[in-house]
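Inspection log for the structure reproduced underneath, given as structure tokens.
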Amino acid sequence: MKRLVFIGDSLTEFFDWQDRFKDFCVINLGISGETVEGLLSRLDLITSSIDNPDLIFIMTGINNIAMEDYEIIDRYKKIIEILSNKFNPSTIVIQSILPVYLPWIDNNIIKKINDSLKGIADDFEVEYLDIYSLFIDPKGIVIKDYLLDDGVHLSNKGYDLWTKRLDEYLKTRFGIIKQNH
């Protein structure tokens, strides 16, 4: 059975990935409120607690952005470097940071950081998965139906959209994926 690891903040923690991807062994290592440096500081614990997963999905950074800390790229690089060295030949997938609907956060900043994350993926020869673009309309405006009233966390529709994108990705990697929703 293929092993998937999901690492991130509350968006990762608050979803039952194992229930959604029943054909896989899933480990959810999301922690609500976690920042990029928080993830970096617990990386030793993560790397010692999991054994050569097939895929590692990472989505982190929105909590930094919410605190107006936009200088996350060097710390993010360090995370990818450590995971790449520890889990070769596992596939690491950097997922884009999702847009939010908050008056004090400019989604253009998130887009710019996502461009840098794509660059990290290219530099380290890991995968990059754009989830951000699924959550905006053709004008670049966040689709509110995909978010809860807090403007950050995902509604069931938002998780459904995200997991359908992961279904597509997993299908290209492994072939058949059963739909569990």
Under Karplus coefficients 6.51, -1.76 and 1.60, residue-wise ³J(HN,Hα) of segment 66-81 in Hz, glycine/proline x: 4, 9, 6, 9, 9, 8, 9, 5, 5, 5, 5, 4, 4, 4, 5, 4
With each run of n ≥ 4 DSSP H residues scored as -39500 (n - 2.57), what mean residue ellipticity at 222 nm is computed for the chain after dividing by its residue count and rounding to the nearest 500 deg cm²/dmol? -12500 deg cm²/dmol
Note down the magnitude of the dipole of the chain about its Cα centre, charges +1 on Lys and Arg C-beta and -1 on Asp and Glu C-beta and zero elsewhere, to the nearest 20 debye. 560
Take the alpha carbon atoms of segment 91-134, find their center, do the same for segment 24-77, and report the distance between the two centers in whole angstrom. 14
A student asked for the Cα radius of gyration and Dmax of segment 28-86 in angstrom ought to give 11.6, 35
Per-residue accessible area, 1.4 Å probe, largest first, puts ILE110, ILE31, ILE82 in the order ILE31, ILE82, ILE110
Hey, what do the phi angles of segment 138-152 turn into as Karplus ³J(HN,Hα) couplings, whole Hz, using 6.51/-1.76/1.60 and θ = phi - 60°, x for Gly and Pro? x, 8, x, 8, 4, 8, 4, 4, 8, 10, 6, 4, 6, x, 10
Accessible-area composition of the chain, carbon plus sulfur, in percent [1.4 Å probe]: 50
Show the residues, 5+ positions off or on another chain, whose built amide H is closer than 5 Å to the amide H of LEU148. HIS153, LEU154, SER155
As a quick test, which of the pairs LYS112/LYS139; LYS144/LYS164; LYS86/LYS112 have an alpha carbon distance above 24 angstrom in this structure? LYS86/LYS112
Among 66-75, 34-43, how do they line up from the highest to the lowest mean number of other beta-carbon atoms within 10 Å? 34-43, 66-75
List the residues whose amide H sits under 5 Å from the amide H of VAL5, counting only those 5 or more places along or on another chain, with H placed 1.01 Å from N in the peptide plane. ILE27, LEU55, ILE56, PHE57
For MET1, what is the net charge nearby, where nearby means another residue's Cβ is under 12 Å from its Cβ and Lys, Arg count +1, Asp, Glu -1? +1
Using bins 10 angstrom wide from zero, how does P(r) for segment 72-181 break down, in % of all Cα pairs? 13, 38, 36, 13, 0
accessible surface per residue for segment 1-85, probe 1.4 Å, DNA/RNA/ligands not counted, whole Å² -> 44
Under 5 Å from the placed amide H of LEU129, counting only residues 5+ away or on other chains, we find ILE94, GLN95, SER96
What residue among ILE110, ASN156, TYR132 has its Cα farthest toward the positive end of the dipole of segment 48-181, where the charges are +1 on Lys, Arg and -1 on Asp, Glu, each on the Cβ? ASN156
In Hz, Karplus ³J(HN,Hα) per residue of segment 88-105 (6.51, -1.76, 1.60; θ = phi - 60°; x = Gly, Pro): 7, x, 4, 8, 9, 10, 7, 9, 4, 6, 7, x, 10, 10, 9, x, 8, 10
Most positive-pole-ward Cα, SER10, THR60, THR91, against dipole of segment 4-111 from beta carbon charges: THR91
Please report the relative contact order for the chain, taking Cα pairs under 8 Å with a sequence separation of at least 6, and give it as a percent rounded to a whole number. 20
Restricting to the chain, what percent of DSSP beta bridges are antiparallel, rounded to 5? 10
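The values are calculated or read from the model by the stated rules, or taken from the named source; none is laboratory data. Keep in mind the model is a prediction, meaning the values are calculated, not measured. Don't worry about glycine lacking a Cβ; one is built from the backbone with ideal geometry, like all the others, and counts go over all protein chains shown. Note: accessible area is taken over every heavy atom of the protein model, side chains too, but ligands, DNA and RNA are not part of it. Shrake-Rupley method; radii C 1.70, N 1.55, O 1.52, S 1.80 Å.
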